[in-house]
Structure formats: structure tokens, C-alpha cells
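Peer 1: Have a look at this one.
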Amino acid sequence: MLNIVLFGPPGAGKGTQSENIIEKYKLAHISTGDLFRKHLGEGTELGKLAQKYMDEGKLVPDEVVVGMVEDKIKETLDAKGFIFDGFPRTINQAAELDKMLTAHGLQISGMVALEVPEDELRARIKERAKTSGRVDDQDDAKITTRIRVYEEETSPVAGYYKQQGKFNGINGVGTIEGIFNQICTVIDSFT
Ligand code: AP5
């Protein structure tokens with residue numbers, strides 16, 4: 001089974017490239033940001049809990065995220081593999097993911113990390129805000145918080161996969177198609 005962690009800061013292109021990867025490799029997409037937005041839209045208790053963290057650009061507590069991902073994995077075990085988008089975002093989440101997968105006889109094949117400079121991230125997020133309806137994306141201070149939270153709490157997750165020899169960095173600046181081709185080369189090296 002092909003199980004991929006697609007990693008990168010806010011606006012790096014994880015959602016965009018996930019769509020291409022899913023189509024080509026037929027993997028189940030587990031995007032924690034999308035799952036939270038779905039809960040928010042449905043007004044569930046989990047959605048209400050997540051909202052205050054998301055509104056502030058902070059991370060939702062690990063136990064909430066991990067429980068949600070665990071449920072999603074169990075629902076989707078017949079998939080050919082998983083692409084994890086926006087998860088894990090802390091070392092603790094990465095360790096919990098390993099435990100969840102091991103319990104099903106699975107493991108992460110590799111991490112693909114999209115590397116994009118901050119000024120480009122800001123430009124993309126602001127541009128996306130014009131059409132996406134993601135209101136926080138219009139607020140410079142909130143974008144700054146999300147980028148700082150990424151640097152401080154999430155970027156160490158790359159080291160977790162480096163230690164396992166599973167880290168693969170990709171230049172995330174360029175055409176969407178060109179970046180996708182680089183991602184495919186990395187994914188094909190996993191099999
Ligand atoms: P989440 O939804 O995961 O947001 P994010 O990581 O901040 O990522 P984005 O969705 O903003 O960006 P992306 O990398 O997917 O880029 P995209 O493809 O859209 O999380 C939201 C919140 O939920 C978090 O802040 C947190 O509160 C909470 N949360 C989620 N997961 C959590 C977890 N595990 N633990 C705790 N809390 C969690 O691209 C951006 C734009 O750029 C698009 O308009 C796109 O068209 C464009 N674009 C893409 N590629 C290119 C390119 N090559 N050139 C030019 N433009 C491009």
C-alpha cells in the first residue's frame with residue numbers, strides 16, 4: 001500500500017497537488033483541514049471545537065485531530081493507500097499516525113515536502129481568498145500566525161521523517177504540472 005505524507009506550509013499547494021495525486025494513484029485523501037471545514041459546515045460539536053483554533057490560525061489539539069484521522073482511516077481501509085494532507089502537524093501526531101498504521105499492518109511509504117518561500121505563500125493565500133470564501137485568508141495577521149505556527153510546531157515533523165530516511169523535499173515554485181511531475185518521480189521511487 002502506498003501511504004504518503006504531503007507536507008508543506010500554508011499555501012504550499014498541498015490541496016492542489018493532492019487532487020492530481022489522487023487521480024493518478026487512486027489513493028484515499030485524508031485532509032485534516034478539509035475534514036474540519038466539513039464538520040464546521042455541518043455544525044458538529046467537533047466542528048465547533050475546531051473553529052476557535054482555526055479562526056486564530058492555531059493548531060487544533062492533537063487528541064481531537066488524531067481521533068478524527070483514526071476514524072477516517074478505519075472507514076477507508078479498503079483504499080489502495082492514503083495521502084495525508086495537512087497531517088501530521090506535530091511530532092506527537094506523527095508518532096500517533098505510525099501507531100495507527102502499524103495496528104493495521106501498514107506504514108508510511110514516504111513524505112513529500114513542498115518547499116515555497118514565505119512571500120510566495122502570502123501571495124497565493126491572498127489570491128485564493130478572492131474566490132475560496134476562506135475568510136481568514138484575507139487577514140495578514142492571521143496568515144502570519146499560521147506561517148509562524150508552521151515554522152515552530154510543524155516544521156520539526158520533517159526531521160521525524162528524515163530520521164526514518166523517508167523525507168523528500170521538492171521545490172514547490174513553478175508550474176503546477178512541473179511540480180506534479182517531480183512529485184510523481186518521488187512517489188514512483190516508493191514502489
Ligand atoms: P489546512 O486546510 O490544512 O490549511 P493549510 O495547511 O494552512 O494549507 P492551505 O489549505 O492554506 O494550503 P495548501 O498547501 O493546501 O495550498 P493550496 O493547494 O490550497 O488547515 C487549516 C487549519 O485547520 C489549520 O490552520 C489548523 O487550525 C487546522 N488543522 C488542520 N490540520 C491540522 C492538524 N493536523 N493539526 C492541528 N490543526 C490542524 O494552494 C494555495 C493557492 O495557491 C491556491 O489558490 C492554488 O491554486 C495556488 N497554487 C498552488 N500551486 C501553485 C503553483 N505551483 N503556482 C502558483 N499558484 C499555486
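Any read-out appearing in this document is the output of simple, stated calculations on the displayed coordinates, not a laboratory observation. Please read these numbers as outputs of a predicted model, since none were measured by experiment. Using ideal geometry, Cβ is built from the backbone for each residue, glycine included, and neighbour counts are taken over all protein chains shown.
Peer 1: Between rounded, prolate and oblate, where does region 146-191 land on the alpha carbon gyration tensor, with a ≥ b ≥ c its root eigenvalues, rounded for a/c under 1.5, else prolate if a/b exceeds b/c? Before the final figure, lay out each step's value.
Peer 2: Values: a/c = 3.93, a/b = 1.30, b/c = 3.03.
Because a/c hits 1.5 or more and a/b fails to exceed b/c, region 146-191 counts as oblate.
Peer 1: List the residues, sorted by chain then number, that are 5 or more residues from residue 113 or on another chain and whose placed amide H is less than 5 Å from its amide H.
Peer 2: Residues meeting the amide H criterion: 7, 168, 169, 170.
Peer 1: Using only the alpha carbons of region 2-188, determine the length spanned along each of the three principal axes and report them from longest to shortest in whole angstroms.
Peer 2: Taking max minus min along each principal axis of the Cα atoms, region 2-188 gives 42, 40, 30 Å.
Peer 1: Calculate for the chain the 222 nm mean residue ellipticity that helices alone would give, adding -39,500 (n - 2.57) per DSSP H run of length 4 or more and normalising by residue count, nearest 500 deg cm²/dmol. Intermediate values should be presented prior to the final figure.
Peer 2: Numbers: 9 runs with 108 residues, N = 191.
One gets -17500 deg cm²/dmol as the mean residue ellipticity at 222 nm.
Peer 1: Right, something else. Report the FRET efficiency, 1/(1 + (r/R0)^6), for residue 115 and residue 48, where r is their Cβ-Cβ distance and R0 is 25 Å, rounded to 0.05.
Peer 2: For residue 115 and residue 48, the calculated efficiency is 0.15.
Peer 1: Could you tell me the calculated FRET efficiency between residue 104 and residue 175, based on Cβ-Cβ distance and R0 = 41 angstrom, to the nearest 0.05?
Peer 2: Values: r = 36 Å, r/R0 = 0.89.
Efficiency, rounded to the nearest 0.05: 0.65.
Peer 1: Can you tell me the order of 59-68, 39-48, 182-191 when each peptide is scored by its average per-residue count of other Cβ atoms within 10 angstrom, highest first? Don't skip to the answer; put the middle values down first.
Peer 2: Numbers: 59-68: 16.9, 39-48: 12.6, 182-191: 14.6.
Result, highest mean first: 59-68, 182-191, 39-48.
Peer 1: Among 31, 18, 155, which comes first, then next, by fewest other beta-carbon atoms within 10 Å? Don't jump to the answer; show the numbers that get you there.
Peer 2: Values: 31 19, 18 22, 155 15.
Ordered by Cβ neighbours within 10 Å, fewest first: 155, 31, 18.
Peer 1: Using a Förster distance of 25 Å, how high is the FRET efficiency between residue 1 and residue 163, based on the Cβ-Cβ distance and rounded to 0.05?
Peer 2: Working: r = 22 Å, r/R0 = 0.88.
FRET efficiency, residue 1 to residue 163: 0.70.
Peer 1: Can you tell me how region 43-106 classifies by the Cα gyration tensor, rounded, prolate or oblate, using a/c under 1.5 as the rounded cut? Walk me through the numbers on the way to the answer.
Peer 2: Values: a/c = 2.36, a/b = 1.68, b/c = 1.40.
Prolate, because a/c is 1.5 or more and a/b exceeds b/c.
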